[in-house]
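Each remark here refers to the structure printed beneath this line.
The values are calculated or read from the model by the stated rules, or taken from the named source; none is laboratory data. Just so it is clear, the structure is predicted and the values come from calculations on it, not from any experiment. Every residue, glycine among them, receives a Cβ derived from its backbone with ideal geometry; neighbour counts consider all protein chains shown. The area values use the complete protein model at the heavy-atom level, side chains included, leaving out ligands, DNA and RNA. Shrake-Rupley method; radii C 1.70, N 1.55, O 1.52, S 1.80 Å.
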Amino acid sequence: MEDTVGKVITCRAAVAWSVKQPLVIETIEVDPPKAGEVRIQILATGVCRTDAYALDRYDPTKAYPVILGHEGGGIVESVGEGVKSVKPGDHVVPLYYPQCYECKFCRNPKTNFCSKVRATQMKGVMPDGTTRFRCKGKQLFHFMGTSTFSEYTVVAEVSVCKVDTNAPLEKICLLGCSISTGYGAVVNTARVEPGSTCAVWGLGAVGLAVIMGCKKAGATRIIGVDINPDKFATAREFGTTECINPKDYDRPIQEVIAEATNEGCDFAFECIGSVDAMRACIEACHKGWGVSTLLGMTAPGAELTAKPYSIVTGITCNGSVFGGWKSRDSLPKLVDEYMKKEIKVDEFVSFTLTLDKINEGFDLMKSGKSIKSVVIF
Ligand code: NAD
Ligand code: ZN
């Protein structure tokens with residue numbers, strides 16, 4: 001590894017040149033890490049819905065060309081000046097939700113938000129305002145502070161954590177987003193109680209992680225809701241006790257669920273990114289104590305409408321990003337839980353692909369044929 005330290009690395013990456021275009025495998029240059037930064041050799045990355053949104057939904061705040069990807073696993077190649085928490089050779093997971101331990105959010109136990117690199121991360125640049133990637137003489141922007149669709153990436157030290165070297169990176173990369181998001185929403189955000197009735201909108205990766213969490217928390221009834229009935233068999237394996245398709249009913253699904261659950265669920269989760277499903281998720285909760293947790297990422301500019309009476313009569317509406325986990329503290333523990341077989345991870349991997357097949361990963365996700373595709377470099 002020593003021969004690359006301090007030097008520009010030439011490697012392959014999947015580049016998003018512009019919105020609504022397939023990714024292109026290119027040879028790129030990756031600069032060495034500056035002070036407070038870490039350069040990582042990425043060995044595996046998941047393909048996530050949020051990457052697809054960045055590619056498919058025009059968002060004026062997003063910068064192109066860009067290297068997408070935020071569910072990665074890799075090995076530290078070199079570190080910049082002052083980096084103490086990781087060293088070359090460490091196995092790591094990049095974190096799109098950083099943890100700096102210093103900002104007002106990090107000091108508040110109620111949130112996992114961190115403002116340290118937020119402003120530059122949203123602009124697709126490193127904390128000093130520049131980028132570390134180039135291709136054909138053009139600078140490439142970073143994405144979510146992680147950019148894992150590249151053989152090498154550079155992240156801020158606050159955006160990475162060391163994990164157990166024995167954990168398979170091609171599996172635990174998925175703890176970098178979907179699985180931790182759904183599982184954390186149950187244990188940190190909603191705090192599902194034993195014996196409760198839960199409903200989960202969307203039986204993709206995030207929804208299945210919610211189901212896994214609800215089952216582990218002791219929920220006795222878990223209702224899965226999806227418009228694709230092909231998702232029901234896997235959802236049952238993860239723990240749903242029944243599955244329903246809103247297309248089978250000519251009235252709002254929240255009414256159907258309320259009737260089937262003696263006036264509503266104790267806990268409901270939205271894992272789609274649809275404002276209509278969010279409304280149904282809120283209104284399917286039981287008056288007085290029902291808790292709805294919204295996780296889906298909606299299109300830019302989307303607005304949510306629901307009956308205020310639901311909230312006034314005691315339904316709680318909340319949500320979380322990255323499952324509410326304080327990322328650098330929690331991710332290594334989630335990896336340990338996986339290693340002790342306390343949480344599922346392998347069961348989420350439907351396909352493993354090589355980098356040149358990464359666009360197939362997006363197709364498999366959009367056609368509903370995969371839970372997760374993992375790209376192995
Ligand atoms: P996915 O595509 O794997 O799953 C979505 C599921 O929803 C699919 O099974 C699909 O058939 C179903 N669906 C679509 N429209 C529906 C409708 N109208 N009614 C019922 N079911 C419907 O996606 P995913 O990876 O599980 O992600 C789910 C959502 O969570 C996305 O919006 C994603 O951006 C978001 N997300 C949020 C966070 C967070 O931190 N809050 C993290 C990761 C992903
Ligand atoms: Zn912080």
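Ligands, DNA and RNA left out, the accessible area of the chain computed with a 1.4 Å probe is 52% carbon and sulfur.
Here each label is just a point 7 Å from Cα along the line to Cβ, and for Asp59 and Ala233 those points are 3.4 nm apart. Accessible surface ranking for Thr305, Thr197, 1.4 angstrom probe, highest first: Thr305, Thr197.
For the stretch 198-319, the Kirkwood hydrodynamic radius comes to 14.0 Å, computed from all pairs of different C-alpha atoms.
Solvent-accessible surface of the stretch 71-130, averaged per residue with a 1.4 angstrom probe and all protein chains in place: 48 square angstrom.
Please give me the summed charge of the neighbours of Met212: other residues whose Cβ is under 15 Å from its Cβ, Lys and Arg +1, Asp and Glu -1.
+4
Amide H contacts of Leu140: Phe133, Arg134, Cys135, each under 5 Å away and 5 or more positions distant or on a separate chain (H built 1.01 Å from N in the peptide plane; Pro and chain starts excluded).
Extension gain, Lys136-Glu255: 0.36 nm per intervening residue step, less the Cα-Cα distance, totals 37.2 nm. Straight-line cross-link reach from Lys216 at under 19 Å between alpha-carbon atoms covers these aspartates and glutamates, not counting any fewer than eight positions away in the same chain: Glu193, Glu237, Glu242, Asp266, Glu270, Asp336, Glu337, Glu342, Asp346, Glu347.
Think of a 1.4 Å ball rolled over the protein heavy atoms: the stretch 167-225 then has 24 Å² of accessible area per residue. The residues neighbouring Pro229, those whose beta-carbon lies less than 12 Å from its own, together hold a net charge of 0 under the Lys/Arg +1, Asp/Glu -1 convention. Computed with every protein chain present, the accessible area of His286 is close to 30 Å² [probe 1.4 Å].
Accessible surface of Ile315, taken over heavy atoms with a 1.4 Å probe and every protein chain present, rounds to 10 Å². Straight Cα distances below 17 angstrom link Lys357 to the aspartates and glutamates Glu26, Asp51, Glu71, Glu151, Glu170, with same-chain residues fewer than 8 positions distant left out. For the stretch 73-154, the relative contact order works out to 18 percent when only alpha carbon pairs closer than 8 Å and six or more residues apart are counted. Temperature 37 °C, viscosity 0.692 mPa s: under these conditions the Stokes-Einstein estimate for the stretch 253-369, based on its Kirkwood radius over C-alpha pairs, is 194 µm² per second. Charge tally for Val374 (other residues, Cβ to Cβ under 9 Å; Lys, Arg +1; Asp, Glu -1): 0. Applying 1/(1 + (r/R0)^6) with R0 = 30 Å to the Cβ-Cβ distance of Asp3 and Thr165 gives a FRET efficiency near 0.85. With 19 Å as the limit, the listed pairs Lys171/Lys344; Lys231/Lys344; Lys84/Lys116; Lys87/Lys326 have Lys87/Lys326 beyond it between alpha carbons. When restricted to Cα atoms, the chain yields an Rg and a Dmax of 20.5, 66 Å, respectively. Normalised by the number of residues in the chain, the average gap of Cα pairs under 8 Å and 6 or more apart makes the relative contact order 17 percent. Contact order for the stretch 1-140, expressed relative to its length and based on alpha carbon pairs under 8 Å spaced 6+ residues apart, stands at 23 percent. Glu303: accessible area at probe 1.4 Å, nearest 10 Å²? Its accessible surface works out to 150 Å², give or take rounding.
Shape class for the stretch 88-206, computed from the alpha carbon gyration tensor (a ≥ b ≥ c): prolate, with a/c not under 1.5 and a/b above b/c. For the stretch 289-300, 3J(HN,Hα) computed residue by residue from phi via the Karplus equation (6.51, -1.76, 1.60; θ = phi - 60°) reads 9, x, 10, 9, 10, 9, 10, x, 9, 8, 5, x Hz, glycine and proline entered as x. Decide, for the stretch 1-142, between rounded, prolate and oblate: order the square roots of the alpha carbon gyration tensor eigenvalues as a ≥ b ≥ c, take rounded if a/c falls under 1.5, and otherwise choose prolate if a/b is larger than b/c, else oblate. Oblate, since a/c reaches 1.5 and b/c is not below a/b.
In the full protein context, the stretch 299-361 carries 54 Å² of accessible surface per residue, based on a 1.4 Å probe and ignoring ligands, DNA and RNA. In angstrom, the C-alpha Rg and Dmax of the stretch 318-361 are 14.3, 39.
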